[in-house]
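**Q** Submitted below is the structure of interest, expressed as structure tokens.
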Amino acid sequence: ESLPLSVREAAAALPPLDRLAKAYEAFGLRVLELVRPHAGVVKPQAAFFEQAGPPGLAALQRLMVAAKELG
């Protein structure tokens, strides 16, 4: 419920764990874009992704790949 409504609505049609993982990933990607010019290191909160089970861990992995690609 703490994520922006637009992020939550974008994944509304998915099953619950997939919806949660997609929302966390979308939010994390946006944060990466915003902090890129200002932060040399980011540390995602893995516990958020873990609560979404396997879809969440896959989303965390994609987020970490994206962070590496952004430098």
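The values are calculated or read from the model by the stated rules, or taken from the named source; none is laboratory data. Remember, predicted model here, so these are calculated numbers, not experimental data. As a convention, Cβ positions derive from the backbone with ideal geometry for all residues, glycine included, and neighbour counts pool all protein chains shown. Just the protein is used for accessible areas: all its heavy atoms, side chains included, with ligands, DNA and RNA removed. Shrake-Rupley method; radii C 1.70, N 1.55, O 1.52, S 1.80 Å.
**Q** Which of the following residues is at positive phi and either polar (S, T, N, Q) or modelled with pLDDT under 95 (or both): 53, 71?
**A** Testing whether each residue is at positive phi and either polar (S, T, N, Q) or modelled with pLDDT under 95 (or both) leaves just 71.
**Q** Yes or no: region 1-9 includes at least one residue that is open to solvent by less than 80 Å² (accessible area, probe 1.4 Å) and hydroxyl-bearing (Ser, Thr, Tyr).
**A** No; the residues of region 1-9 include none that is open to solvent by less than 80 Å² (accessible area, probe 1.4 Å) and hydroxyl-bearing (Ser, Thr, Tyr).
**Q** If we keep just the residues of region 25-69 that are among the basic types (Lys, Arg) and more than 11 Å from the chain's Cα centre (by Cα), which is surrounded by the most Cβ atoms within 10 Å (Cβ to Cβ)?
**A** Looking at residues that are among the basic types (Lys, Arg) and more than 11 Å from the chain's Cα centre (by Cα), I get 36.
**Q** Determine, yes or no, whether residue 22 is open to solvent by 100 Å² or more (accessible area, probe 1.4 Å) and part of a helix (DSSP H, G or I).
**A** In short, yes.
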